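All remarks here apply to the structure that follows.
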Amino acid sequence: MGLLALGTPLAWPEAKQKANQVRQWGIEQLLAIWGKAKGKERDALLWGDEVEYIVVAVDEKGHKVRLSLSQADILTSLEKDEELANGGEVEVLDLGIKEPLPKFHPEFGRFMLEATPGKPWGIDFKDLLKVESNMKWRRIIAKQHMADDEVPLTLTTFPRLGTKDDFVKPFYPLSGEALRSQFVPDEIANPHIRFPTLAANIRSRRGRKVALNVPVFHDKNTPLPFNDPTVNYDLHTWPEDGDVRNGAVKEGHVYMDAMAFGMGSCCLQITFQCKNITEGRKLYDQLSPLGPIMLALTAATPIYKGFLVDTDVRWNQISCAVDCRTTEELGEVPLKNDRWRIPKSRYAANSTYISQDPRLRPEYMDPDLVIDEDIKKRLLEGGMDDLLATHFAHLFIRDPIVVFSEDLNELDLNKTDHFENLQSTNWQHIRFKPPPAENDIGWRVEFRPMEIQITDFENAAFSVFMVLITRVILSFDLNFYIPIALTTENMETAHARNAVLEQKFYFRKDPFPHRVPRHTHFQAMDTANGTSRANSSSGSRSPSIPSTPTLPPIESEYELMTIADIINGSASGFPGLIPLVESYLNSMNVDVETRCALATYLELIRRRADGRLWTNAKWIREYVAKHPEYKHDSVVSEKICFDFIKAVEEVTEKEGRDGSVGWEMLQNQ
Ligand code: GLU
Ligand code: MG
């Protein structure tokens, strides 16, 4: 969630008045990093995973589960422990191996925790085998610092967040100043001033509360039409209480009204440090089309606010939960005060490619990309090339949301706080991360779409798979380019219930490198500092882009494929990501033990893709459907929720004792 600076946050609209200053200073800081780090070479190939947890308090006697708002206590207790260990290496789970203690971090929800390995993983294949035990270790350490009734679970969401029962511990009344939610108290969010300010200023900027409407899953006894029975239309405390009377609630949908319903979700993220900026830019582009595929494969979010819903993943809910766009920017009213209409939320699929790769055809770009021309001009003047300048000029169309008055006194070019302010609140599915100001870290790419999985075996498998895919992309120089708008479309497709088996996704047919005539591409079009394309741009839009006559039409490069086609290979000739990983491993001289261990992870991915193994979403749906108390009316009652949480706890605990049990318990059998 980024670093937690302290200070006096400005309320909106004071913050709005400082937006230009923050943006300009952010761009100067970016240019300073760019100047220092663009030529950095040979950074170590490192990577790291981030696991997010919810903390659940289990009341065995009362047969009730609640979200425990104990993040601060747990983190304080963990910090003390880390001090004890002095940052040194410690034996992992009696396995005879030593690693530095994992690191724990706060997250948006006061019921959330995030954990990362104590130091980044390296290039060695052996490191891939340490991930699973390290994840299990993290879970055990976290649990040791919790109260006896508390348990860390890797569920994307708590099934009954926002219901009328007392779903948080300790209890807090509703209707707080920051969220103004009719379903969750302000205390649900991390109390650090950044978080309530983020939520409040998003709401103020937007001019109403955020609105999350998720289509309900229509079971045989679900009322038709379905009108969310938990919505209260008679509240009059805050002006925003009127939202529900003004059309915020959609028929057929479960309605939610606060940032916590989105940013209270957990994911599995992987960050790769690249050897130089060129490699980083290439990975950023090539990982982008994989985002929706991995989202569908890791689907784990079929319940909201006590109802089964008709989607399987968290993504769009987070997108709505932080959507600060005004009615003008949304296109609901004509533009008057705002600068442009913006098609996506700050949390959304990427809209840019950034690699100076001759295979990047202009037609792949978004012809309607909104950019801030002044910012682009400044970046070009500062020596940045056109593609990268366009990327940042697109991110910087947003306002900074949390502005601390203390930070506005003096511009410090040895810091990156203003740049990070915008960068870290652009939650795209892939993030391109410049080195921090200290510069001892390289250019990094963060892969963000995956849903957290119930078991550590699964989380390790998906992490390892993503690492291997990056190695395959780089060593085989693979080409996954498709028009970027299709990746946005694929992200929508990934939401459908059981998308992993039932939907098709646009994917490039031939991923192998071929020689391409250079003059048709961006690399040839850009001059050294990339001004040639800038000249052809008009207004705040990106350049109108000519087609490339010497190459086949782009429509012939891709087709609709199932996830099984993409992962395992298709009859029409796509080699499949797993076979590509296999041939990479064959070329790498990996020892037998490592190869066998990696094979079990790859097998999980293979079987997920072809349906032999269920997604977590499917398993959760089946669990609810088979529960004796389920009335086939889409309602996930307190008792079902209690039993479900107990079942999840059992799976994760059993897995702790015996490697693959957890995985097997989630199987389709
Ligand atoms: N929890 C968020 C998600 O599920 C991501 C927050 C972060 O960037 O750390 O996507
Ligand atoms: Mg996080």
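The values are calculated or read from the model by the stated rules, or taken from the named source; none is laboratory data. Everything numeric in this text was worked out from a predicted model, so none of it was measured. Because the Cβ atoms are built from the backbone with ideal geometry, glycine has one as well, and the counts that use them run over all protein chains shown. The accessibility values were calculated without ligands, DNA or RNA, using every heavy atom of the protein model including side chains. Shrake-Rupley method; radii C 1.70, N 1.55, O 1.52, S 1.80 Å.
Numbers at a glance
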{"quantity": "Every residue from the stretch 415-439 that is surrounded by fewer than 23 Cβ atoms within 10 Å (Cβ to Cβ), part of a loop (DSSP other than H, G, I, E, B) and either within 16 Å of ligand 1 (Cβ to nearest atom) or among the hydrophobic types (A, V, I, L, M, F, W, C) (or both)", "calculated": "Ser424, Thr425, Asn426, Ala437"}
{"quantity": "So Gly280, is it small (Gly, Ala, Ser) and away from ligand 2 (no atom under 16 Å from the Cβ)", "calculated": "yes"}
{"quantity": "Leu468 being at pLDDT 95 or above and farther than 30 Å from Ala617 by Cβ", "calculated": "no"}
{"quantity": "Members of the stretch 96-115 that are open to solvent by 20 Å² or more (accessible area, probe 1.4 Å) and within 16 Å of ligand 2 (Cβ to nearest atom)", "calculated": "Lys103, Phe104, His105, Pro106, Arg110"}
{"quantity": "Arg398 being open to solvent by 10 Å² or more (accessible area, probe 1.4 Å), outside any helix (DSSP H, G or I) and within 16 Å of ligand 2 (Cβ to nearest atom)", "calculated": "no"}
{"quantity": "Residue in the stretch 306-316 that is at pLDDT 95 or above, open to solvent by less than 10 Å² (accessible area, probe 1.4 Å) and within 16 Å of ligand 2 (Cβ to nearest atom) present", "calculated": "yes"}
{"quantity": "Set Asp323, Asp338: member being crowded, with 22+ Cβ neighbours inside 10 Å, at pLDDT 95 or above and more than 30 Å from Lys220 (Cα to Cα)", "calculated": "Asp323"}
{"quantity": "Odd one out for Leu413, checked against (1) on the phi < 0 side of the Ramachandran plot; (2) in contact with a Phe, Trp or Tyr (Cβ under 8 Å, 6 or more places away or on another chain)", "calculated": "(2)"}
{"quantity": "Set Glu438, Glu458: member being of a type in the set (Asp, Glu) and touching a helix residue (DSSP H, G or I) at 6+ places or on another chain (Cβ under 9 Å)", "calculated": "Glu458"}
{"quantity": "Yes/no for Lys64 being in contact (Cβ under 8 Å) with a residue 60 or more places away in the chain and among the basic types (Lys, Arg)", "calculated": "yes"}
{"quantity": "Out of Gly247, Gly264, Gly280, Gly252, sole residue that is among the small types (Gly, Ala, Ser) and more than 29 Å from Asp219 (Cβ to Cβ)", "calculated": "Gly280"}
{"quantity": "The stretch 248-266 residues that are touching a residue at least 24 places away in the same chain (Cβ under 8 Å) and of a type in the set (Val, Ile, Thr), paired with ones that are more than 11 Å from ligand 1 (Cβ to nearest atom) and in a helix (DSSP H, G or I) (beta carbon under 9 Å, 6 or more apart)", "calculated": "Val249/Asp243"}
{"quantity": "Gln269, sole failed condition from (1) touching a residue at least 12 places away in the same chain (Cβ under 8 Å); (2) more than 16 Å from ligand 2 (Cβ to nearest atom); (3) open to solvent by 10 Å² or more (accessible area, probe 1.4 Å)", "calculated": "(2)"}
{"quantity": "Per-region count, the stretch 96-119, residues in a loop (DSSP other than H, G, I, E, B), within 16 Å of ligand 1 (Cβ to nearest atom) and small (Gly, Ala, Ser)", "calculated": "0"}
{"quantity": "Tally, over the stretch 317-328, of residues that are within 16 Å of ligand 2 (Cβ to nearest atom) and part of a loop (DSSP other than H, G, I, E, B)", "calculated": "1"}
{"quantity": "All positions within the stretch 377-395 that are in a helix (DSSP H, G or I) and within 20 Å of Lys433 (Cβ to Cβ)", "calculated": "Leu379, Leu387, Leu388, Ala389, Thr390, His391, Phe392, Ala393, His394, Leu395"}
{"quantity": "Residue among Phe505, Phe512 that is touching a helix residue (DSSP H, G or I) at 6+ places or on another chain (Cβ under 9 Å) and buried (at least 23 other Cβ atoms within 10 Å of the Cβ)", "calculated": "Phe505"}
{"quantity": "Test for Met263: is it open to solvent by less than 20 Å² (accessible area, probe 1.4 Å) and within 16 Å of ligand 2 (Cβ to nearest atom)", "calculated": "yes"}
{"quantity": "Asn337 being within 30 Å of Met384 (Cα to Cα) and more than 15 Å from the chain's Cα centre (by Cα)", "calculated": "no"}
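Quick grid of which residues meet (1) of a type in the set (Asp, Glu); (2) within 16 Å of ligand 1 (Cβ to nearest atom):
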| position | (1), (2) |
| --- | --- |
| Arg205 | no, no |
| Val210 | no, yes |
| Asn213 | no, no |
| Thr222 | no, no |
| Trp238 | no, no |
| Phe272 | no, yes |
| Glu279 | yes, no |
| Ala299 | no, yes |
